[in-house]
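Shown next, in structure tokens, is the structure this report addresses.
No lab work stands behind these numbers, since they all come straight from the coordinates. This structure is a prediction, so every number in the text was calculated from the model and none was measured. Here the Cβ is made from the backbone with ideal geometry for all residues, glycine too, and neighbour counts use every protein chain on show.
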Amino acid sequence: MDPRFKVSNREALMGIGLAVLNFIWWYAFAYGLGGKPVKEYQYIWGLPAWFFYSCVAGFVVFSILVYVMVKVFFKELPFEEDTYQETKGEEK
Amino acid sequence: MNWEVLLPLIGFLILMFLAGLFTARQVTEGPGFLKDYFLGGRHLGGFVLALTMVATYGSASSFIGGPGIAYNLGLGWVLLSMAQLVTGYFTLAVLGKKFAIVARKIDAVTLIDFLKARYENKWVVIFSAASISIFLFSSTAAQWVGGGRLIESFTGVSYPTALIIFSFSVLVYVVAGGFRSVVITDTLMGIVMFIGTLIILAGTIVAGGGVPHIISTLSAENPNLITPFGADKSLTPLYLSSFWLLVGVGVVGLPQITVRAMSYRNSKAMHQAMIIGTFVVGFIMLGMHLTGVFARVVIPGIKVGDTVMPLLALKVLPGWLAGIVLAAPLAAVMSTVNSILLIVSSSIVKDVYINYIKPDASEQSVKRLSFSVTTIIGVLVFFVALHPPDLLIWLNLFSFGGLEAAFIWPVVLGLYWKKGNAAGAAGSIVGGVVSYILLDQLAPNLWGMHTVVLPVAISLAAYIVLSLLFQKNTENELSRQNII
């Protein structure tokens, strides 16, 4: 098998993992904090806390996590056959 | 409508037209016409890739329909819209480098090229080409109607005139410049969408007297507006979660999005696009839908949801700024239809004509054919949009979910599961589409989930069961060469 596929399989799994985390974050804050009676709501920057954490903070946190995932874990690979063969030759 | 608002809008239309036309000049020269016309020669950089994906994905509903519903239902609908944050990174991460590498090895230009090489089966190609043409044609026509209506309401010209303006400003550069023009105009439109969101959100917060005041006014009117459950308590957690499939991860199956996953220059471009795309799509969805909710305090008592955003822009912003903001939904519609138009055209020219009718067509005749098919479809869409038939409106309802149910597994499992084969793919496409239409008619939102969920599950079951049943047919050229 093309060794580049191993990298790509791993990155695809990481993408799925991040989406699962994203969903949990979104769901847990929305219904964990937002399921309470409105009278008990707390507010951050004027927004209900459930909304602030689930949607506003969630947006910021996952934008940062995507950045980290890509910069730290994703590998740069050549896509074209010829450049790929060339770089393989250089490694030898 | 006054000239102060109209001028930025007209300026926007002219700018798009010129940008599209200017980039079109580069297309007609040089070899590899098909790859260039339908795929931009696989040269997309990160920023352009991110913006074209966001702009293609974001449609009128992100700027007009969605905020209108948020106006009526409250923060619960903003919560739902945030399921779309994943579209910024999920498609590129999952199709990822493998799709880009395989597409290059087999020289695929369209999604169907990939399916054809992967499954080596006539029926898979025919079912795919048919569902892409039918669903996407209906959805372009419906968006076209929306574009005409927007221009009609902003300028006050008659609907047919508005439709001519809209068609002219989209068609000319799509026909002449193909994918390259589409992605460049998409990028500019994405920027307009981003800036428009920023302006209208800020303007609405100021006009509403600050966020705390807006929220306490909403809470006093109806406390449910600031819960995740919607003003009428209709939004259950299960129902909202099921939208993660429809407008979130399921987007992997949309042909107009997948084709972009084979169009980028290198892995660096893909990495950048994930970072930029996630930020931009999150910002637009959060900003626009939140604005819709806040609008309830600034302009109370609006009955028709679709009129909330235009009225709001005129109320809280000076005329010229309102013009820029109102260009955003127009940009969203235009950037969606231009891509879809090209996909429909490519599936007719490349997937049907060259594959099955005339494989040895010369470069020159392919070129002529591509231009003329794109033009004919565009003109056809125009006439259909003038008097949209009921059938089309009906088909459009299935377009998004139907295409997802059809293609998500043949694409994703086709890439990552060696045992997948033609029987599974054909069953998955047919099963997904048919079950989606039937369920939508007979039992919509069954068990409290959006209708798309079950067909995607049925499509998955069909893919796996049929692939395993017909295992002896699995070996093909790709697996022999170890490409999959």
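May I ask for the equivalent-ellipsoid semi-axes of region A:7-76, computed as the square root of five times each C-alpha gyration tensor eigenvalue and listed largest first in whole Å? Provide the component values of the computation, followed by the final result.
Details: eigenvalues 197, 31, 4 Å².
Over the Cα atoms of region A:7-76, the semi-axes work out to 31, 12, 5 Å.
Taking B:Lys233 as the anchor, which lysines have their alpha carbon closer than 27 Å to its alpha carbon, excluding any fewer than eight residues away along the same chain?
Partners found: A:Lys36, A:Lys39, B:Lys303.
From the Cα trace of the protein assembly as shown, what convex hull volume per residue do you get, rounded to a whole Å³?
Working: hull volume 82.2 nm³, N = 576.
It comes to 143 Å³ per residue, whole-number rounded.
Starting with the fewest neighbours, write out A:Phe73, B:Phe90 ranked by other beta-carbon atoms found within 10 Å of each beta-carbon. Numbers along the way, then the final one.
Working: A:Phe73 10, B:Phe90 25.
Arranged by neighbour count, lowest to highest, A:Phe73, B:Phe90 become A:Phe73, B:Phe90.
Can you give the extra length, in nm with one decimal, that the chain gains between A:Phe73 and A:Ile24 once fully stretched, where that is 0.36 nm per residue apart less the Cα-Cα distance?
Details: separation 49, 0.36 × 49 = 17.64 nm, distance 2.17 nm.
Residue separation times 0.36 nm, minus the Cα-Cα distance, leaves 15.5 nm.
With 22 Å as the cut-off, how large is the P(r) tail for region B:1-104, expressed as percent of Cα-Cα pairs? Don't jump to the answer; show the numbers that get you there.
Working: 2981 of 5356 pairs.
I get 56 percent for the Cα pairs in region B:1-104 exceeding 22 Å.
Over all directions, how big on average is the projection of the convex hull of the alpha-carbon atoms in region B:192-307, in square nanometres?
Working: hull surface 37.5 nm².
If you wrap the Cα atoms of region B:192-307 in a convex hull and average its projections, you get 9.4 nm².
If I take every Cα pair under 8 Å that is 6 or more residues apart in region A:7-76, average their sequence separation and divide by the length, what percent do I get for the relative contact order? Intermediate results must be reported in sequence, preceding the final value.
Details: 35 pairs, mean separation 23.7, N = 70.
Computed value for region A:7-76: 34 percent relative contact order.
At 7 Å along Cα-to-Cβ for each site, give me the label-to-label distance between B:Ile376 and B:Asp232 in nm.
With each label point 7 Å from Cα toward Cβ, the separation is 4.6 nm.
Order these by the 10 Å Cβ neighbour count, fewest first: B:His289, B:His43. Can you show the working numbers first?
Working: B:His289 29, B:His43 16.
In order of increasing Cβ crowding within 10 Å: B:His43, B:His289.
Can you check what the Kirkwood hydrodynamic radius comes to for chain B, Cα pairs only, in Å to one decimal? Provide the component values of the computation, followed by the final result.
On the way: mean 1/r = 0.0438 Å⁻¹.
Across chain B, the inverse of the average 1/r is 22.9 Å.
What Kirkwood hydrodynamic radius do you get for region B:288-356 when you take the inverse of the mean 1/r over all pairs of distinct Cα atoms, in Å? Walk me through the intermediate numbers first.
Numbers: mean 1/r = 0.0679 Å⁻¹.
It works out to 14.7 Å.
Extension gain B:Ala361-B:Trp320, at 0.36 nm per residue separation less the Cα-Cα distance, in nm? Display every interim value, and only then the final one.
Values: separation 41, 0.36 × 41 = 14.76 nm, distance 5.09 nm.
Full extension of this stretch gives 9.7 nm more.
Tally Lys/Arg at +1 and Asp/Glu at -1 over every other residue whose Cβ is under 13 Å from the Cβ of B:Val251; what's the total? Mind showing how you got there, number by number?
Numbers: positive: B:Arg260; negative: B:Glu404.
Combined, the nearby Lys, Arg, Asp and Glu give 0.
Quick one: Karplus J couplings for region A:46-52, per residue in order, coefficients 6.51, -1.76, 1.60, θ = phi - 60°, nearest Hz, x for Gly and Pro?
Taking θ as phi minus 60°, the curve returns x, 8, x, 4, 4, 6, 4 Hz for region A:46-52.
With 21 Å as the limit, write out which pairs from A:Lys71/B:Lys268; A:Lys71/B:Lys98; B:Lys35/B:Lys419; B:Lys98/B:Lys419; B:Lys98/B:Lys418 have Cα-Cα distances beyond it, or answer none.
Pairs exceeding 21 Å: B:Lys35/B:Lys419.
Local charge sum around B:Lys116 (other residues, Cβ-Cβ under 12 Å, Lys/Arg +1, Asp/Glu -1)?
Values: positive: B:Arg118, B:Lys122, B:Lys350; negative: B:Asp107, B:Asp113, B:Glu120, B:Asp351, B:Glu477.
Result for the local shell: -2.
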